[in-house]
Every structure is written in structure tokens, then in C-alpha cells.
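These notes are about the structure you will find just below.
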Amino acid sequence: MTEFKKLGAIKSASEFRAYLRELGADFDLVDAPRFGADSAFVKPCEYVSAITGKGRKLANRWALLPMEGWDCLPSGAPSELARRRWLRNAESGAGIFFGCEAVAVMSSAKANARQMTLTKETVGAIAALRAETIDRAKNLFGEEGVPYIGLQLTHSGRFVKTPDDKRLDSRTAYAHPLLDKKFGCDATNVLTDDEVDEIVANFISAGKLALEAGFDFVDVKCAHGYLCHEFLTAYDRPGKYGGSFENRTRFFRSIVEGIKTSAPGLDIATRLSLGDFAPFEKGEGGVGRPMTWSNGDYPYAFNGDGTGLGVDPKMTELLQFVDLLEELGVTMVGSTFGSPYYNPHTQRPAAFAVSDGYLPPEDPILGVARQLRTVRELKRLRPNLFLIGSGYSYLQEFLPLVGEWVLETGGADAIGLGRSILSYPQMAADYTAGRPLDKKRICRTFGDCTNAPRAGLVSGCYPLDDFYRNRDEAKRLKELKMAKANK
């Protein structure tokens, strides 16, 4: 098993820095919190959309990242649990709500039966929730504290579930020799061109509905092995959606061009996996290992180096794709890496394995470093992009101090918060206001926000949020974990 130091044992910034040097992690942190005008988080920042031409002064450089809620109504409309999450998010004071939630563009695109879905039937309820969220932020932080707010549009592709949530009902871009084996797919799951055309039309319709609901922008998700991301490596797919770079990006390009035409005035961003690895599986001692690939260079990792385990140092296709983004006017990019389904240690570094995952094959700090390094290099090479970093949750108490260093040294334009907001949505507001962080609520990457929904339970932070700790689902989750441990 990979041995690494738990962050809870590190008590100071200098000790943390020494540990980074010991590991060879190529990032740093400031020695103490920066408050008021000294903080890079509150330095004046204006984002100007290349699509709408409108400028927006951002309250700060904190961004909330979209997640799947697993707690909406069967119709895809928000439930009371979803409402609670969104209103707690408003308490963050973050300047950008990047995508708010991963929202399916059609019922057959959902990764779980209770995923939020944007349709003519649900748009009114989603619009009302957006308005209530904005009102909460305004009441807490004033007019200047209203976030730039978007909605993430997604099709889960390979990870679509059946309506009863019992099994996968995959819709894939192409037959993938390793992922098909891992997830029980085959060539019959590959979408036809006509089916892809229909999905594109649903994305465009969802963009129109997002504008109707009052959102500032949509995030067209191109990450985590979902459908749009998978098309980037559809080298083997015949027809207009595969093979050449032009064809492999046609899905994304058609969506963006269609939304620009049908929803004028709506900005468009994207959550983009800047790199990917080969799929991993549980190996000896429960530690993750890459699935065996013995057919030459591994071609299915976007921005990979051919080994399936590294990033292309030249970033050839990544740069080609972000140049396309700039041509389309998509200049706000929420960075991420890999997939939570087949190489989660690259996407959300953590000390603990989730129920259907594996123990980390590397110190999670190295996973954080990989994301920070890739974003920094992309920002250096394409300075016109507004880049939101992610992968920070594992840093725990040191998260804001690393964020300050990243912003001060030009490594990103904003710092993204993901699963950490489930336990402590006020972290950004507390830090920005100069208040001590509530250490009892800081995310420790236990993974129960994933374990619960993978067991068919609603999402939430069961270890640290009393609201979820006291629900019946918490008892059920504990029983399920104990049963698995006793096998």
C-alpha cells in the first residue's frame, strides 16, 4: 500500500512546505492568510464575455464547481434537498457559481434517476431556485456580492443509468476496449449519427431554457469521461463525429454554435478535463492500478503522453482544442482532470477509497500538483483564457493558503471549490472576511458524499453536516459500509 502522511498531522505552513519539497510537489503556499486588500482573492477582477461582449465585475476569485445532486424529484425538478444545497451555496459568497449543478439535457442523459434535468416541464422550478439563490446571496453580501451564475449542461454518455437506477444504460461515442470491459458495454451501446444529432438539439434547447431561467451562462460539460469529453478521443469512430480533429470536436462545436444562435445574450463556458489517464482498477491490497494495455501507445487519453499514465508535455491536442474554444468565444474554462468513474485519484485526490473505487496509488498531494501544474502551464500558454482551478479539496486547512499562492503567481484566475462546499459552504466567505476557519467542518475527503449515492441514497456530507448525519440514510449507509467491510 502507498504510504503517505495525513494532512491532519501537519500543523503549520512551513511544515506543509517541507512535506511538498520531500514529495517533489511543484507548488507552494503563503505563510499566513491574506486579508482585505492584501488578498489575491479580492483583487479587482472583471470578466468580459467574448460571446456577449458584456463585462462583469466579480466579487472575488472564488468559484463554486458543479456537482450531481442525486436528490431531485423524478421529473428532474429541484427537491427540498436540492433547494437546501443551493441556498447553502449562496452563503459561500463566491464570485462565480460555475455551473451550479450538473443538469441533464434530456431524461435519457441522466447519470442517476434523481439528477436535475432541464426541460420545459422543469424550467420554471429551476428558474425559481436560481432567483431564490441570488436573493440569498444579495441579502448576505449586498448587490456587489451577487455571483456570476451558470448552469452546467451535460449528457452522461457511458454513465447513463436506467430509470430505476439499477444498472448502466450506456450511450457511448465509440467502442473503447478497456472501458467497455470495465463497465459491461460493447458496440451496441455506440450512438448513431442521427442519435448524436438529436442530443445536440437537446443541448441547444436546454441552452434556450437556461437563458429563459435567468442564468448568466451555461457550462457545456466536456469532462470526466462523459459524452462530450469522450468524443475528443473518438479516433476510431467513422462518420462526421469521429476520426479527424474537426469531426471529433463537431459535437461540442455544434452545441456551442447552436446555443449562440438560439439564445443570444447567453454566455457559454466549459468544464474541461485538461488531461486523462487510462482506466484504473482495484489491485493488490485494494490499491489502484492501471488496467492492462499492451497494444502500443494508449490513444484514448485526451492530452495524454501515450503511456496512459502521463500528460503530453507539449499539450498538442489540448492547445488545439482551447484554440477552438477561443475561436468560438468560449474563454471561461473550469479545469478538471480524468474521471471519477475510472481514475478518481487523478480527478479528486483523496486519502480514502470510495465504495466502488480503490486506495490511492500515489500520495494525493501529487494528484493536486498535477492539476495545478497543468492549469498553470495552460494559463502561461493561453493567457486570454479565464481559468478556474480545481482539485483543491484535499488540501483542507491549507486550501486558501495554496489558493493565494496560485493567484498571486498567475497560476489561475479563480480557485474552484467542489465537494468541500457540502460540509462547509461558508469557507470562502469566512476566509475572505478574515474569520478563522471552522476546522470541524472542513472536508477531509472521507468520500461518503459519493458512497451514499452509489448506494442509492441522497447525496450530502454525512460525517460533518448534522443535517445528513441525523437522517435515516446515515444509518443505512453505516450498515452498508459495515456489511462490505465484513465480507
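Report yes if Glu3 is open to solvent by 40 Å² or more (accessible area, probe 1.4 Å) and assigned to a loop (DSSP other than H, G, I, E, B), otherwise no. Here the answer is yes, as Glu3 does meet what is asked.
For region 68-75, the criterion of being closer than 30 Å to Val287 by Cβ and buried (at least 19 other Cβ atoms within 10 Å of the Cβ) is satisfied by at least one residue. Considering (1) over 21 Å from the mean Cα position of the chain (by Cα); (2) part of a loop (DSSP other than H, G, I, E, B), the lone condition that Tyr342 does not fulfil carries the number (1). Is it true that some residue in region 316-325 is modelled with pLDDT of 95 or more, in contact with a Leu (Cβ under 8 Å, 6 or more places away or on another chain) and part of a loop (DSSP other than H, G, I, E, B)? Within region 316-325 (the criterion being modelled with pLDDT of 95 or more, in contact with a Leu (Cβ under 8 Å, 6 or more places away or on another chain) and part of a loop (DSSP other than H, G, I, E, B)), the answer is no, since none of the residues qualifies.
Is it the case that Arg114 is of a type outside the set (Phe, Trp, Tyr), open to solvent by 30 Å² or more (accessible area, probe 1.4 Å) and part of a loop (DSSP other than H, G, I, E, B)? Judged against the criteria, Arg114 is a match. What about Ala50, is it open to solvent by 20 Å² or more (accessible area, probe 1.4 Å) and at pLDDT 95 or above? The answer is yes for Ala50. Against the condition within 24 Å of Asp135 (Cα to Cα) and under 19 Å from the mean Cα position of the chain (by Cα), how does Ser92 come out, does it pass? So Ser92 passes the test. Of the listed requirements (1) at pLDDT below 95; (2) of a type in the set (A, V, I, L, M, F, W, C); (3) assigned to a helix (DSSP H, G or I), Ala353 misses just one: (3). When restricted to residues that are under 19 Å from the mean Cα position of the chain (by Cα) and in a helix (DSSP H, G or I), region 407-436 contains 6.
Under the condition of being among the aliphatic types (A, V, I, L, M) and under 22 Å from the mean Cα position of the chain (by Cα), which residue from region 43-72 is nearest to Ser108 (Cα to Cα)? The selected residue is Met67. At least 1 residues being open to solvent by less than 10 Å² (accessible area, probe 1.4 Å) and among the aliphatic types (A, V, I, L, M) is the threshold, and among the helices (runs of 4 or more DSSP H) wholly inside region 186-295 those reaching it are 193-212, 227-231, 250-262. Looking only at region 304-327, which residues are open to solvent by 10 Å² or more (accessible area, probe 1.4 Å) and within 26 Å of Leu151 (Cα to Cα)? Once the filter is applied, which keeps residues that are open to solvent by 10 Å² or more (accessible area, probe 1.4 Å) and within 26 Å of Leu151 (Cα to Cα), region 304-327 yields Leu319, Gln320, Asp323, Leu324, Glu326, Glu327.
The values are calculated or read from the model by the stated rules, or taken from the named source; none is laboratory data. The shown structure was predicted, so the numbers you read here are calculated from the model rather than taken from an experiment. No Cβ is skipped: glycine too gets one built from the backbone with ideal geometry, and neighbour counts run over all protein chains shown. Please note that ligands, DNA and RNA were not included when accessible areas were found on the heavy atoms of the full protein model with its side chains. Shrake-Rupley method; radii C 1.70, N 1.55, O 1.52, S 1.80 Å.
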